[in-house]
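Trainee: Structure below; questions to follow.
Derivation of every value follows stated rules applied to the coordinates shown; laboratory data play no part. On a predicted model such as this, the values are computed, not experimentally measured, just so you know. No Cβ is skipped: glycine too gets one built from the backbone with ideal geometry, and neighbour counts run over all protein chains shown.
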């Protein structure tokens with residue numbers, strides 16, 4: 001999907017008009033960070049971004065698309081950025097100073113499965129459902145890469161809502177486990193009423209920061225990054241951030257005890 005000239009700017013980019021801009025940011029659905037566009041709960045990162053850009057007279061345009069495509073569109077400058085990115089995964093993007101989450105991976109397995117995490121070798125006896133082009137940290141990424149062509153060990157999905165696909169495969173017994181961010185899995189299990197059928201297994205994973213990553217081709221990327229930082233600081237100081245996060249069942253990622 002390559003569009004050039006004004007058509008590209010209108011569809012994908014940040015359109016300038018008398019100082020106001022449409023700022024297009026995309027990702028695949030990853031609640032509670034970014035959920036369904038236009039819904040009452042579009043995701044707390046989406047709501048923070050909307051507040052940030054609206055405070056400067058701009059308009060956030062949130063789109064869902066497969067993660068690999070979203071990254072490619074941002075890196076090429078056809079959209080302004082992506083939700084839920086990390087410098088380790090997408091090092092060419094421009095990032096704010098302050099993260100919008102601290103991500104920790106966990107495994108999801110059927111309730112009747114007694115699996116306990118000890119090391120990556122424990123995964124060798126089951127098919128692991130992953131999301132195409134996601135990064136899960138150095139150790140797990142190496143395991144996925146080494147076994148990518150072996151469907152008895154690794155099965156990959158893409159699309160706008162690949163986690164739901166992996167959970168359906170898990171419930172159907174087509175995979176033995178899937179892996180994702182702890183907040184995302186907890187939110188999804190509650191939303192889909194799967195808490196009685198699926199349990200989460202801690203992997204002792206170290207949290208890593210997540211951001212809204214901005215396109216390196218975006219002339220105002222640094223300004224937008226500073227605007228996001230300012231907005232988060234203001235929301236935190238007023239208590240509005242805690243209230244926003246409570247609506248999504250999560251706590252402030254940078255507060256003690258969170």
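Trainee: What is the helix-to-structure angle for 162-171, meaning the angle in degrees between its Cα long axis and the longest Cα principal axis of the chain, kept from 0 to 90 and rounded to the nearest 10?
Mentor: 20
Trainee: Averaging sequence separations of C-alpha pairs under 8 Å and six or more residues apart, then dividing by the length of segment 105-202, give the relative contact order as a whole percent.
Mentor: Once normalised by length, the contact order is 50 percent.
Trainee: Just to confirm the number: angle between the C-alpha axis of helix 44-55 and the first principal axis of the chain, 0 to 90 degrees, nearest 10?
Mentor: The helix 44-55 is inclined about 0 degrees to the chain.
Trainee: Continuing with the same structure: Which residues in segment 64-108 have a backbone N closer than 19 Å to a point placed 7 Å from the Cα of residue 142 along the Cα-to-Cβ line?
Mentor: Of the residues in segment 64-108, 88-89, 105 have backbone N under 19 Å from the label point off residue 142.
Trainee: Report, in whole Å, the centroid distance computed from the Cα atoms of segment 162-219 and segment 60-114.
Mentor: Their Cα centres are 12 Å away from one another.
Trainee: In whole Å, what is the distance between the alpha-carbon centres of segment 117-149 and segment 220-243?
Mentor: Taking the Cα centre of segment 220-243 as reference, the centre of segment 117-149 is 35 Å away.
Trainee: When the gyration tensor of segment 105-202 is built from Cα positions, what are the square roots of 5 times its three eigenvalues, in whole Å, from largest to smallest?
Mentor: Details: eigenvalues 73, 45, 32 Å².
In descending order, the three semi-axes are 19, 15, 13 Å.
Trainee: In addition: List the residues of segment 95-115 whose backbone N lies under 12 Å from a point placed 7 Å from the Cα of residue 192 along the Cα-to-Cβ direction.
Mentor: Of the residues in segment 95-115, 108-110 have backbone N under 12 Å from the label point off residue 192.
Trainee: While we're on this one: Compute the acute angle (0 to 90°) between the alpha-carbon long axis of helix 182-191 and the principal axis of greatest extent of the alpha-carbon atoms of the chain; round to the nearest 10°.
Mentor: The angle comes out at about 80 degrees.
Trainee: Taking 8 Å as the Cα distance limit and 6 or more residues as the minimum spacing, I'd like the relative contact order of the chain as a percentage. Present the calculation step by step, with values, prior to reporting the outcome.
Mentor: On the way: 438 pairs, mean separation 70.3, N = 258.
That works out to 27 percent.
Trainee: Can you give the Rg/Rh ratio of the chain, where Rg is from the C-alpha atoms and Rh is the Kirkwood radius?
Mentor: 0.98
Trainee: Using the beta-carbon distance between residue 88 and residue 55 and R0 = 35 Å, what value does 1/(1 + (r/R0)^6) give for FRET efficiency, to the nearest 0.05?
Mentor: After rounding to 0.05, the efficiency reads 0.75.
Trainee: Roughly how many nanometres apart are two label points built 7 Å out from the Cα toward the Cβ at residue 229 and residue 171?
Mentor: Between residue 229 and residue 171, the simple spin-label model gives 4.3 nm.
Trainee: Where does the chain land at 222 nm, in deg cm²/dmol rounded to the nearest 500, when only DSSP H runs of n ≥ 4 count, each adding -39500 (n - 2.57), divided by all residues?
Mentor: The helix contribution divided over the chain gives -9500 deg cm²/dmol.
Trainee: Here's a follow-up. Is the C-alpha gyration tensor of segment 161-257 telling us rounded, prolate or oblate? Criteria: a/c under 1.5 is rounded; beyond that, a/b larger than b/c is prolate, otherwise oblate.
Mentor: Values: a/c = 2.55, a/b = 1.72, b/c = 1.48.
Prolate, because a/c is 1.5 or more and a/b exceeds b/c.
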